Amino acid sequence: MKVLSFSIRNASLFILIVGMLGFLFLFCDNDSSTVGPDFSASEDFYYQIAIKNLSGLQLNAINGTVDIEGVSSIDSVTVWGERRVESNSRADADAHLPDLSVEMSESEDRISIRTEQPDQSSGRNYIVDYNIRIPGGWQLDIGQVNGNVSISSMENSVISNLVNGNMRLWDISGSVNGGLVNGGIDSKISLPASGICGLSVVNGTIDLLIPQSTSADFSAHISSGSINLSNVSLQNQTITPTSVTGLFGAGAGEIELSVVNGFITVTGF
């Protein structure tokens, strides 16, 4: 279990560091002038894709909201939402709406969705709000820069990384890897046998709701803040000012939580 714990921690830190650097290089606006978002131009989008032999979805978003829900007994993936440009004039917003697009592609086993927008915003706000309904048994790999991400009712592995905003991972019955820089993770996760849950936040909070019957090697680490456990039975506890470790049940899976500045709360149900 020690080797597995090391891999989760380093993978989470790697994702956060690489993600932060990548977003800074790609999306920092070198134009120091700013304009207010007094006017906007928008357009709705809607896609429906036959499932065929697909089993996963990857989303690379930038600014906006992401709402993904797993649904049983469906034969197609539905993606809809709004793309929007905010600017200091109606004419400018209208002129630059075509610069913002939703690109979709398919590989042998997954659908890939990506927000495309100019590298330099020149004071405009480029926003895409996504609503996605997919089979609950699919795998998910989600990346977002700014905004809120909500993922619910999934029965397979979920990867979700966000820079600024709040993340909700609700009714997930699979392994989870979630990384966030600024904001909070609110989660309800039921680990499968030998499943892995790795959640990390730089500045903010982690709230994790788990079944009391969970079997996992548990560790929680903070640099500044507090760790609170309630309605769970943690065996072989080791508690320090910055960490709590132990076993839930037989320790078949693994839960690793990490916050630099903020709070960790774990509650059993």
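Is it the case, given these coordinates, that N53 is in contact (Cβ under 8 Å) with a residue 60 or more places away in the chain and outside the structural domain of N166 (by TED's automatic domain parsing)? Give the derivation first.
Numbers: in contact (Cβ under 8 Å) with a residue 60 or more places away in the chain: no; outside the structural domain of N166 (by TED's automatic domain parsing): yes.
Answer is no for this residue.
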Yes or no: segment 91-102 includes at least one residue that is under 28 Å from W170 (Cβ atoms), touching a residue at least 24 places away in the same chain (Cβ under 8 Å) and not charged (D, E, K, R). yes
Could you list, in sequence order, the residues of segment 176-213 that are in contact (Cβ under 8 Å) with a residue 40 or more places away in the chain and outside any strand (DSSP E or B)? L191, P192, A193, S194, G195, P211, Q212
Is it fair to say S107 is over 30 Å from F218 (Cβ atoms), in the same structural domain as V128 (by TED's automatic domain parsing) and at pLDDT 95 or above? no
Would you mind stating whether S200 is crowded, with 19+ Cβ neighbours inside 10 Å and of a type in the set (S, T, Y)? yes
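Please go through segment 100-142 and pick out each residue that is within 21 Å of V71 (Cα to Cα) and surrounded by fewer than 16 Cβ atoms within 10 Å (Cβ to Cβ). Quick ask: steps written out before the conclusion?
Of the residues in segment 100-142, the ones within 21 Å of V71 (Cα to Cα) are 104, 106, 109-113, 129-142.
Once the filter is applied, which keeps residues that are within 21 Å of V71 (Cα to Cα) and surrounded by fewer than 16 Cβ atoms within 10 Å (Cβ to Cβ), segment 100-142 yields M104, E106, D109, S112, G137.
So which residues in segment 39-62 are in contact with a helix residue (DSSP H, G or I) (Cβ under 6 Å, 6 or more places away or on another chain) and assigned to a loop (DSSP other than H, G, I, E, B), if there are any at all?
Pass one, segment 39-62, residues in contact with a helix residue (DSSP H, G or I) (Cβ under 6 Å, 6 or more places away or on another chain): 39-41.
Passing the criteria: none in range.
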Based on what the data block shows, is G137 within 21 Å of L169 (Cβ to Cβ) and touching an Asp or Glu at 6+ places or on another chain (Cβ under 8 Å)? yes
Odd one out for S152, checked against (1) within 20 Å of the chain's Cα centre (by Cα); (2) surrounded by 18 or more Cβ atoms within 10 Å (Cβ to Cβ); (3) among the polar types (S, T, N, Q): (2)
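The values are calculated or read from the model by the stated rules, or taken from the named source; none is laboratory data. As the structure is a computational prediction, the values presented were derived from the model and not from experiment. So basically every Cβ, Gly included, is an ideal-geometry build from the backbone, and we count neighbours across all protein chains shown.
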